[in-house]
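J.: Handing you a structure now.
The values are calculated or read from the model by the stated rules, or taken from the named source; none is laboratory data. It should be emphasised that the depicted structure is a prediction, and the values quoted were computed from it without experimental measurement. Methodologically, a virtual Cβ is constructed for each residue, glycine included, from the backbone with ideal geometry; neighbour enumeration extends over all protein chains shown. Keep in mind that these areas ignore ligands, DNA and RNA; they rest on the heavy atoms of the full protein, side chains included. Shrake-Rupley method; radii C 1.70, N 1.55, O 1.52, S 1.80 Å.
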Amino acid sequence: MKAIISGGGTGGHTFPAIAIANSIKARDPQAEILFIGAEGRMEMEKVPAAGYPIEGLPIAGLQRQLTLSNICKNLLLPFKVLRSMRRARQIIRSFNPDVVIGVGGYASQPTLQAASQLGYPIVLQEQNSYAGLTNKSLSSKADVICVAYEGMERFFPSDKLVQTGNPVRKDIEQMNVSHEDGCAFFQVDANRPVLLSVGGSLGARSINLMIMNNLDFFKKNNLQIIWQTGRQMYDQACKAVEDARVQDWVKVHQFIGNMDKAYAAADAVISRAGAIAISELCLVGKPVVLIPSPNVAEDHQTKNAMALSEKGAAILVRDSECGTEGLPTALALISDKERCDAMSQSIRNLASPHAADRIVDEIYRLLDSKRHNTNHSNSSGK
């Protein structure tokens, strides 16, 4: 197997892509896998750290906030797309994969377009309940589209759809860390309630400000928090915690690599509503307050969160209200054991374990079908 995997921009695209690659390698240790991402984005660091080579394209996303700087960036976008298309064609021709897999994000657009023009088999993986623009635009060129939610024929040809769930990191899928070990790792007291706040791999400004503006809330309510801030607000958060002298209650981390330990330590979670975060929460069965980001295409995080909250599997708090409602809602949840237990069961019922393996099953099924058709055509020609 030779495979190209393309996409990225955030951990929500990068980590599922790595999970798919790991599943391929588990099945075929001799498999050759090449990633294609966007220059300067998270995947250019995380993919090599996972042991895979990656090529970067000079592609960028459409800037939705119409500032003068962003308008200038958008005007340059067509030129970046053309350069990225040329570069993607060169990479694909040189590597000559058996299949090209797109996991969403703007880096996958030129890669999958080039792969289609060159005649390579294409598999798409759509994570959200509301399909992203990139995957929708590529759907006619795909052979198989792996999705996580029901009802995706609204966006894609139904004959191409396979419901696989979203791939997550193996350490979370096979989580065997005790609450005590998780607490010891993050230096929190296992006998006091622990809240975990994750705003996504790049952080979330409104969630960060909600915590930073209420640091006295935690000591006052005997509540500990493990707080992932992201890069931009990490130094500011550390200083605020130090100034407020709440280091025993508030544990600040720029990025949490050991999410299995963080989930094990947590009694409840505050999170953005990205598809992969939700998939992880379903697998670990943690009661959660979801605060969807308003700054995403088609407001898909709100739709993700509603899919859970309508089933009693999460509490939805709007981003505009999180400053006043977020922490009291989380405290009320973590203080209500009966509600936590019910929510844990409800969210576990939505889990899709072994999703990466199911996606790889579809990839092999597609390639077997292509080989069979090729052999059949050759035999008919004779």
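J.: Among the residues of region 340-356, are any open to solvent by 90 Å² or more (accessible area, probe 1.4 Å), outside any loop (DSSP other than H, G, I, E, B) and farther than 25 Å from K2 by Cα?
T.: To start, the set of residues in region 340-356 that are open to solvent by 90 Å² or more (accessible area, probe 1.4 Å) comprises 345, 348-349, 354.
The next check asks that each one be outside any loop (DSSP other than H, G, I, E, B); those that pass are 345, 348.
Among the residues that remain, those that are also farther than 25 Å from K2 by Cα are: 345, 348.
For region 340-356, residues open to solvent by 90 Å² or more (accessible area, probe 1.4 Å), outside any loop (DSSP other than H, G, I, E, B) and farther than 25 Å from K2 by Cα: present.
J.: Can you tell which of I315, I291, I359, I334 is at pLDDT 95 or above and either charged (D, E, K, R) or closer than 22 Å to V103 by Cβ (or both)?
T.: Of the residues listed, the single one that is at pLDDT 95 or above and either charged (D, E, K, R) or closer than 22 Å to V103 by Cβ (or both) is I359.
J.: Scan region 1-54 residue by residue and report those that are open to solvent by 10 Å² or more (accessible area, probe 1.4 Å) and of a type in the set (D, E, K, R).
T.: K2, K25, R27, D28, E32, E39, R41, E45, K46
J.: Quick one: which residue in S137, S94 is over 18 Å from I36 (Cα atoms) and either modelled with pLDDT of 90 or more or open to solvent by 10 Å² or more (accessible area, probe 1.4 Å) (or both)?
T.: None of the other options fit; the residue is S137.
J.: Of all residues in region 274-294 being closer than 22 Å to E338 by Cβ and in contact with a Lys or Arg (Cβ under 9 Å, 6 or more places away or on another chain), which is surrounded by the fewest Cβ atoms within 10 Å (Cβ to Cβ)? Before the answer, list the steps.
T.: Taking region 274-294 and keeping what is closer than 22 Å to E338 by Cβ, we get 281-282, 284-290.
Pick out the ones that are also in contact with a Lys or Arg (Cβ under 9 Å, 6 or more places away or on another chain) and you get 282, 284-285, 287, 290.
On the way: C282: 25, V284: 23, G285: 20, P287: 26, L290: 25.
It comes out as G285.
J.: Let me confirm something: among V289, V252, which residue is assigned to a strand (DSSP E or B), farther than 18 Å from E325 by Cα and not charged (D, E, K, R)?
T.: Result: V252 is the single residue among V289, V252 that is assigned to a strand (DSSP E or B), farther than 18 Å from E325 by Cα and not charged (D, E, K, R).
J.: Taking into account only those residues within region 314-339 that are among the aliphatic types (A, V, I, L, M) and farther than 17 Å from N128 by Cα, which is most open to solvent (accessible area, probe 1.4 Å)?
T.: Only one residue fits best here, namely A332.
J.: Does N214 fit the bill of being touching a helix residue (DSSP H, G or I) at 6+ places or on another chain (Cβ under 9 Å) and surrounded by fewer than 20 Cβ atoms within 10 Å (Cβ to Cβ)? I'd like the intermediate steps shown before the answer.
T.: Values: touching a helix residue (DSSP H, G or I) at 6+ places or on another chain (Cβ under 9 Å): yes; surrounded by fewer than 20 Cβ atoms within 10 Å (Cβ to Cβ): yes.
In short, yes.
J.: I'd like the full set of residues that are closer than 20 Å to C322 by Cα and either among the acidic types (D, E) or open to solvent by 20 Å² or more (accessible area, probe 1.4 Å) (or both), limited to region 255-273.
T.: The answer is D267, R272.
J.: So, one more: Among the residues that make up region 146-162, is at least one of them free of Cβ contacts under 8 Å to residues at least 24 places away in the same chain and within 17 Å of the chain's Cα centre (by Cα)? Please lay out each step first, then the result.
T.: As a first pass, look at region 146-162 and keep what is free of Cβ contacts under 8 Å to residues at least 24 places away in the same chain: 147, 150-151, 153-154, 157-161.
Remaining after also requiring within 17 Å of the chain's Cα centre (by Cα): 147.
Yes, there is a match, as at least one residue in region 146-162 is free of Cβ contacts under 8 Å to residues at least 24 places away in the same chain and within 17 Å of the chain's Cα centre (by Cα).
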